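Undergrad: I'd like to ask some things about the structure below.
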Amino acid sequence: MNVTSAVAIYVLFWVLGAFLVMPFGLRTHDDTRAELVQGQVSSAPVNFNPKRIALRATALSVLMFGLYYANYVHGWLTVDSIDVTQWFGSKNG
């Protein structure tokens, strides 16, 4: 695997991880009974912390990329090992 391919796949895992961990730990104004600023929606988070989200996304993406790379090296799950004919029928009819 090329280094550029590995970096691109890692970045994709990082973005996916960021979207996955973003909602965890957030509290809204309704949850904390905090005062709203004029024009602010009540569902806006009170304690949004991008550094915490980035750290969690980094940890999750390292785990996901590690599993991906281990599968790439050892070949545990390949395209040939997935039999889609059991879901869609055989190729011959």
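Read-outs: derived from the displayed coordinates by stated rules, not from any lab. Owing to the predicted nature of the structure, the values given are computational and were not obtained by experimental measurement. Here the Cβ is made from the backbone with ideal geometry for all residues, glycine too, and neighbour counts use every protein chain on show.
Undergrad: If you go through region 15-36 one residue at a time, do you hit one that is closer than 29 Å to MET1 by Cβ, within 23 Å of the chain's Cα centre (by Cα) and among the hydroxyl-bearing types (Ser, Thr, Tyr)?
TA: no
Undergrad: Restricting attention to region 63-81, which residues are more than 12 Å from TYR10 (Cβ to Cβ) and in contact (Cβ under 8 Å) with a residue 60 or more places away in the chain?
TA: Result: TYR72, single match.
Undergrad: Using beta carbons and a limit of 7 Å, which pairs, at least six apart or on different chains, have the first residue in region 2-29 and more than 14 Å from ARG52 (Cα to Cα) and the second one loosely packed, with under 11 Cβ neighbours inside 10 Å?
TA: THR28/SER42; THR28/SER43; HIS29/SER42
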